[in-house]
Amino acid sequence: MRALADALGVSNEVRAALMDSASRREPGDGHLANGQAEAGAVERGRPVVLDAGQESAAWEIYVELVTRVATVELGAEQGMLREALTSLYSLFATMRTILREHGPAVARTHGPEASVVSAVAMAILNDVLRPLLSKWHPLLLDHESRRPDGRSAAEHERAWARNEEMRRELARARERLAGCAQVLAAAAAVPHPLVTNQARLGAAPAGRARPPADSA
């Protein structure tokens with residue numbers, strides 16, 4: 001997995017996210033085996049090659065990652081936790097749909113192991129989204145059910161004792177998703193606008209509006 005990260009030219013932060021995802025998997029897991037096999041291929045000088053279907057799946061998942069509210073940084077008093085959580089739920093369902101529509105070919109390589117696209121997708125679904133959603137959805141729902149009459153949903157959410165804790169965990173998830181997006185962009189053979197456009201926007205003339213993220 002380390003050699004694969006080197007071949008994709010990812011940052012130290014992305015490398016850490018990939019190695020963390022790999023370390024969570026049990027021996028014999030197909031996706032971990034894939035990372036080891038592809039890393040070995042890179043070390044032998046043989047590039048990792050994706051077919052058109054895998055590139056298409058990588059692009060579709062990449063677009064979902066970089067255009068959602070859940071992947072945009074939330075300031076201490078910005079946005080709502082419920083909106084971010086709903087976006088992540090939608091992302092989970094959309095990614096599963098993409099994988100089903102592309103079929104098992106999206107996971108195949110020339111050997112028995114799963115492709116890098118499948119490995120990253122499983123890391124997103126099972127290592128990032130599933131733990132976050134299973135923990136915070138019931139907790140936030142319970143707090144929302146206690147909102148008194150006359151208090152807005154936003155005010156009630158800001159008053160939650162676990163508001164900052166959840167924001168920190170969302171921020172950590174966002175960093176891991178950004179790392180996965182960079183790998184998927186490389187897999188789809190496209191530039192990574194999350195980095196290049198950020199620099200351009202930072203240098204844009206005052207008064208020029210920034211493009212909004214998808215509200216999903």
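Derivation of every value follows stated rules applied to the coordinates shown; laboratory data play no part. No experiment lies behind these values; they were computed from the predicted model shown.
Amide H to amide H, which residues 5 or more places from R108 or on other chains are under 5 Å from it, using H placed in the peptide plane?
S115
Return the long-range amide H neighbours of R68 (sequence gap of 5 or more, or a different chain), with a cut-off of under 5 Å between placed amide H atoms.
D214
Scan around H192 for amide H atoms under 5 Å from its own, H built in the peptide plane at 1.01 Å from N, and keep only partners 5 or more places away or cross-chain.
Those lying under 5 Å, H to H, from H192: there are none.
Tell me, what ³J(HN,Hα) does each residue in region 175-181 have, in order and in whole Hz, if you take phi through Karplus 6.51 cos²θ - 1.76 cosθ + 1.60 with θ = phi - 60° and put x for Gly and Pro?
Those phi angles translate into 5, 5, 5, 5, x, 5, 4 Hz.
Tell me, what ³J(HN,Hα) does each residue in region 138-150 have, in order and in whole Hz, if you take phi through Karplus 6.51 cos²θ - 1.76 cosθ + 1.60 with θ = phi - 60° and put x for Gly and Pro?
x, 5, 5, 4, 4, 5, 4, 5, 9, 5, x, 4, x
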